[in-house]
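Right, one structure below, let's go through it.
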Amino acid sequence: MTDISDTSAKEIGVIDRSAAILTALQDTPMSAAEVCRRLGYSKSTTYRLLADLRTHRFIVRDTNGLLRLGPFPGRRSIATTNSVLEHLRTLTSESVQLWVRVGEDRVCVRNVEADHELRVSRSVGTVLPLVDGGSAALALCGPGNPQEFYATKQARVKGTASASVAFTVGGAILALCVSYPLTREPDNVAGVYRTVLGQAAVELKGLLEDSEEFAVLRDIARLALGARRSE
(Lines give C-alpha, C1' and ligand atoms only; values in the text may rest on other atoms or scores of the structure.)
Protein backbone atom coordinates (compact mmCIF):
# COMPACT_ATOMS: atom_id res chain seq x y z
CA MET A 1 0.00 0.00 0.00
CA THR A 2 1.28 3.49 -0.90
CA ASP A 3 1.75 5.86 2.01
CA ILE A 4 -0.23 8.93 0.92
CA SER A 5 1.43 11.18 3.47
CA ASP A 6 4.87 10.12 2.26
CA THR A 7 3.92 10.80 -1.36
CA SER A 8 2.53 14.22 -0.42
CA ALA A 9 5.72 15.08 1.45
CA LYS A 10 7.80 14.22 -1.62
CA GLU A 11 5.55 16.36 -3.83
CA ILE A 12 5.88 19.29 -1.43
CA GLY A 13 9.67 18.87 -1.53
CA VAL A 14 9.61 19.08 -5.32
CA ILE A 15 7.46 22.22 -5.18
CA ASP A 16 9.77 23.83 -2.62
CA ARG A 17 12.85 23.10 -4.73
CA SER A 18 11.16 24.29 -7.93
CA ALA A 19 10.08 27.51 -6.20
CA ALA A 20 13.67 28.04 -5.01
CA ILE A 21 14.93 27.65 -8.58
CA LEU A 22 12.38 30.14 -9.93
CA THR A 23 13.24 32.61 -7.19
CA ALA A 24 16.95 32.31 -7.98
CA LEU A 25 16.36 32.87 -11.71
CA GLN A 26 14.22 35.89 -10.94
CA ASP A 27 17.36 37.61 -9.66
CA THR A 28 19.56 36.80 -12.65
CA PRO A 29 19.78 34.28 -15.53
CA MET A 30 22.09 31.35 -14.75
CA SER A 31 23.47 28.16 -16.20
CA ALA A 32 22.33 24.80 -14.81
CA ALA A 33 25.69 24.41 -13.07
CA GLU A 34 25.29 27.83 -11.42
CA VAL A 35 21.83 26.84 -10.18
CA CYS A 36 23.37 23.71 -8.61
CA ARG A 37 26.06 25.72 -6.85
CA ARG A 38 23.72 28.45 -5.64
CA LEU A 39 21.05 26.15 -4.22
CA GLY A 40 23.25 23.25 -3.16
CA TYR A 41 21.10 20.57 -4.82
CA SER A 42 22.63 17.49 -6.43
CA LYS A 43 23.16 17.62 -10.19
CA SER A 44 20.68 14.82 -10.84
CA THR A 45 17.94 16.54 -8.82
CA THR A 46 18.65 19.97 -10.30
CA TYR A 47 18.75 18.79 -13.91
CA ARG A 48 15.52 16.81 -13.48
CA LEU A 49 13.72 19.82 -11.99
CA LEU A 50 15.09 22.15 -14.66
CA ALA A 51 13.93 19.78 -17.39
CA ASP A 52 10.42 19.68 -15.91
CA LEU A 53 10.32 23.46 -15.51
CA ARG A 54 11.40 23.93 -19.13
CA THR A 55 8.81 21.43 -20.37
CA HIS A 56 6.05 23.51 -18.79
CA ARG A 57 7.63 26.82 -19.89
CA PHE A 58 8.27 28.06 -16.35
CA ILE A 59 11.83 28.67 -17.58
CA VAL A 60 13.48 29.00 -20.99
CA ARG A 61 17.05 28.94 -22.30
CA ASP A 62 18.14 32.21 -23.89
CA THR A 63 20.45 32.83 -26.85
CA ASN A 64 23.47 32.78 -24.51
CA GLY A 65 22.54 29.35 -23.15
CA LEU A 66 21.44 30.74 -19.79
CA LEU A 67 18.21 29.80 -18.02
CA ARG A 68 15.69 32.56 -17.32
CA LEU A 69 12.02 32.87 -16.36
CA GLY A 70 9.63 31.84 -19.11
CA PRO A 71 6.13 32.75 -20.32
CA PHE A 72 4.12 30.28 -18.23
CA PRO A 73 0.46 31.46 -18.02
CA GLY A 74 0.08 34.02 -15.29
CA ARG A 75 3.43 35.61 -16.17
CA ARG A 76 2.87 35.57 -19.92
CA SER A 77 5.55 37.02 -22.17
CA ILE A 78 5.83 40.16 -20.04
CA ALA A 79 8.08 38.18 -17.71
CA THR A 80 10.42 37.10 -20.47
CA THR A 81 10.36 40.55 -22.09
CA ASN A 82 11.37 42.15 -18.81
CA SER A 83 13.99 39.49 -18.17
CA VAL A 84 15.64 40.25 -21.54
CA LEU A 85 15.94 43.90 -20.50
CA GLU A 86 17.16 42.93 -17.04
CA HIS A 87 19.79 40.64 -18.54
CA LEU A 88 20.93 43.44 -20.84
CA ARG A 89 21.22 45.71 -17.81
CA THR A 90 23.34 43.04 -16.11
CA LEU A 91 25.64 42.85 -19.14
CA THR A 92 26.01 46.62 -19.53
CA SER A 93 25.45 47.87 -15.94
CA GLU A 94 23.38 50.68 -17.48
CA SER A 95 19.71 51.65 -17.86
CA VAL A 96 17.78 49.97 -20.67
CA GLN A 97 14.62 51.19 -22.40
CA LEU A 98 12.29 49.74 -25.01
CA TRP A 99 10.71 52.37 -27.27
CA VAL A 100 7.97 52.09 -29.90
CA ARG A 101 7.41 54.51 -32.76
CA VAL A 102 3.95 56.01 -33.10
CA GLY A 103 3.76 58.49 -35.99
CA GLU A 104 6.41 61.14 -35.42
CA ASP A 105 6.82 60.32 -31.72
CA ARG A 106 8.46 57.61 -29.68
CA VAL A 107 7.04 56.19 -26.47
CA CYS A 108 8.94 54.35 -23.72
CA VAL A 109 7.02 51.14 -23.06
CA ARG A 110 9.53 49.27 -20.88
CA ASN A 111 12.32 50.55 -18.64
CA VAL A 112 14.91 48.91 -16.40
CA GLU A 113 17.14 51.31 -14.50
CA ALA A 114 20.82 50.88 -13.67
CA ASP A 115 21.83 50.34 -10.06
CA HIS A 116 24.27 53.27 -10.13
CA GLU A 117 23.40 56.39 -8.15
CA LEU A 118 24.23 58.39 -11.28
CA ARG A 119 22.12 56.97 -14.10
CA VAL A 120 19.94 57.96 -17.04
CA SER A 121 16.24 57.34 -16.35
CA ARG A 122 13.21 57.28 -18.60
CA SER A 123 9.88 56.28 -17.10
CA VAL A 124 7.38 54.09 -18.92
CA GLY A 125 4.95 56.34 -20.77
CA THR A 126 7.52 59.00 -21.64
CA VAL A 127 6.70 60.53 -25.05
CA LEU A 128 9.43 62.25 -27.09
CA PRO A 129 9.29 63.68 -30.62
CA LEU A 130 11.58 61.87 -33.04
CA VAL A 131 13.01 65.23 -34.16
CA ASP A 132 14.46 65.69 -30.66
CA GLY A 133 17.13 63.16 -31.61
CA GLY A 134 18.91 60.47 -29.61
CA SER A 135 20.08 57.04 -30.71
CA ALA A 136 16.63 55.47 -30.19
CA ALA A 137 15.04 58.14 -32.41
CA LEU A 138 17.61 57.46 -35.14
CA ALA A 139 17.02 53.72 -34.86
CA LEU A 140 13.24 54.17 -35.09
CA CYS A 141 13.66 56.23 -38.27
CA GLY A 142 15.73 53.49 -39.88
CA PRO A 143 14.77 50.18 -41.53
CA GLY A 144 14.22 48.30 -38.27
CA ASN A 145 17.16 45.97 -38.79
CA PRO A 146 18.85 44.83 -35.53
CA GLN A 147 22.18 44.79 -37.37
CA GLU A 148 22.00 48.57 -37.78
CA PHE A 149 23.68 50.22 -34.77
CA TYR A 150 23.20 53.80 -33.62
CA ALA A 151 25.03 55.79 -30.92
CA THR A 152 24.76 59.44 -29.90
CA LYS A 153 26.31 61.82 -27.36
CA GLN A 154 24.47 64.68 -25.69
CA ALA A 155 21.77 64.54 -28.38
CA ARG A 156 19.01 65.48 -25.95
CA VAL A 157 20.51 65.95 -22.49
CA LYS A 158 23.95 67.33 -21.69
CA GLY A 159 26.32 64.79 -20.16
CA THR A 160 24.44 61.72 -21.40
CA ALA A 161 24.83 59.24 -24.25
CA SER A 162 23.03 56.20 -25.61
CA ALA A 163 23.28 53.28 -28.01
CA SER A 164 20.35 51.63 -29.80
CA VAL A 165 19.18 49.10 -32.35
CA ALA A 166 15.71 48.68 -33.84
CA PHE A 167 13.52 45.75 -34.83
CA THR A 168 10.04 45.28 -36.24
CA VAL A 169 7.03 43.42 -34.87
CA GLY A 170 3.66 43.32 -36.60
CA GLY A 171 4.44 46.34 -38.76
CA ALA A 172 5.58 48.44 -35.78
CA ILE A 173 9.17 49.58 -35.21
CA LEU A 174 10.67 49.26 -31.74
CA ALA A 175 14.05 50.39 -30.45
CA LEU A 176 16.11 48.83 -27.69
CA CYS A 177 18.29 51.46 -26.03
CA VAL A 178 21.09 51.53 -23.47
CA SER A 179 21.45 54.97 -21.82
CA TYR A 180 24.34 56.11 -19.65
CA PRO A 181 26.26 59.16 -18.36
CA LEU A 182 29.17 60.26 -20.55
CA THR A 183 31.46 59.72 -17.58
CA ARG A 184 30.93 55.96 -18.02
CA GLU A 185 31.06 55.84 -21.80
CA PRO A 186 33.30 52.97 -22.99
CA ASP A 187 36.23 53.73 -25.29
CA ASN A 188 34.71 51.53 -28.00
CA VAL A 189 30.95 52.07 -27.83
CA ALA A 190 30.13 49.87 -30.82
CA GLY A 191 32.44 47.12 -29.60
CA VAL A 192 30.77 47.02 -26.20
CA TYR A 193 27.11 47.49 -27.14
CA ARG A 194 26.49 46.45 -30.76
CA THR A 195 26.48 42.67 -30.27
CA VAL A 196 24.58 42.53 -26.97
CA LEU A 197 21.93 44.95 -28.22
CA GLY A 198 21.53 43.04 -31.48
CA GLN A 199 21.15 39.70 -29.71
CA ALA A 200 18.63 41.10 -27.23
CA ALA A 201 16.63 42.71 -30.05
CA VAL A 202 16.41 39.42 -31.96
CA GLU A 203 15.28 37.66 -28.78
CA LEU A 204 12.64 40.32 -28.07
CA LYS A 205 11.34 40.11 -31.62
CA GLY A 206 10.80 36.38 -31.20
CA LEU A 207 9.08 36.86 -27.85
CA LEU A 208 6.75 39.65 -28.98
CA GLU A 209 5.56 38.31 -32.32
CA ASP A 210 2.02 36.94 -32.01
CA SER A 211 2.02 37.55 -28.23
CA GLU A 212 -0.37 39.28 -25.86
CA GLU A 213 2.56 41.32 -24.56
CA PHE A 214 2.90 43.16 -27.85
CA ALA A 215 -0.73 44.27 -27.62
CA VAL A 216 -0.04 45.49 -24.06
CA LEU A 217 2.93 47.54 -25.26
CA ARG A 218 0.87 49.16 -27.98
CA ASP A 219 -1.83 50.00 -25.44
CA ILE A 220 0.78 51.66 -23.21
CA ALA A 221 1.93 53.79 -26.15
CA ARG A 222 -1.63 54.70 -27.12
CA LEU A 223 -2.60 55.70 -23.57
CA ALA A 224 0.60 57.73 -23.10
CA LEU A 225 -0.05 59.68 -26.28
CA GLY A 226 -3.68 60.21 -25.32
CA ALA A 227 -2.66 61.55 -21.91
CA ARG A 228 -0.18 63.98 -23.45
CA ARG A 229 -2.71 65.34 -25.93
CA SER A 230 -5.26 65.93 -23.17
CA GLU A 231 -2.82 68.04 -21.12
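Could you order the peptides 203-210, 159-166, 147-154 from most to least packed, using the average number of other C-beta atoms within 10 Å per residue?
Result, highest mean Cβ count within 10 Å first: 159-166, 203-210, 147-154.
Helix-only mean residue ellipticity at 222 nm, the chain, DSSP H runs n ≥ 4 weighted -39,500 (n - 2.57), per residue, nearest 500. What is it?
After summing the helix terms and dividing by the residues of the chain, the value is -15000 deg cm²/dmol.
Residues of region 144-231: accessible area per residue at 1.4 Å, in Å²?
Value returned for region 144-231: 51 Å² of accessible area per residue.
Pick out the long, greasy-scoring helices in the chain: whole DSSP H runs spanning 24 Å or more along their own axis by Cα, mean Kyte-Doolittle at least -0.5.
Long hydrophobic helices here: 4-27, 76-92, 189-208, 212-229.
Out of the total accessible area of the chain (probe 1.4 Å, heavy atoms of protein only), what percent is carbon and sulfur?
51
Note down the relative contact order for the chain as a percent, whole number, built from C-alpha pairs under 8 angstrom at least six residues apart.
16
Just going by the charge dipole of the chain, with Lys and Arg at +1 and Asp and Glu at -1 on Cβ, which of Leu130, Val120, Leu69 is farthest out on the positive end?
Of Leu130, Val120, Leu69, it is Leu130.
Hey, can you rank 106-118, 180-192 by average C-beta count inside 10 Å, highest first?
Top of the packing list down: 106-118, 180-192.
The values are calculated or read from the model by the stated rules, or taken from the named source; none is laboratory data. Predicted, not measured: the structure shown is a model, and the values here were computed from it. Don't worry about glycine lacking a Cβ; one is built from the backbone with ideal geometry, like all the others, and counts go over all protein chains shown. Surface areas here come from the heavy atoms of the whole protein model, side chains and all, with no ligands, DNA or RNA. Shrake-Rupley method; radii C 1.70, N 1.55, O 1.52, S 1.80 Å.
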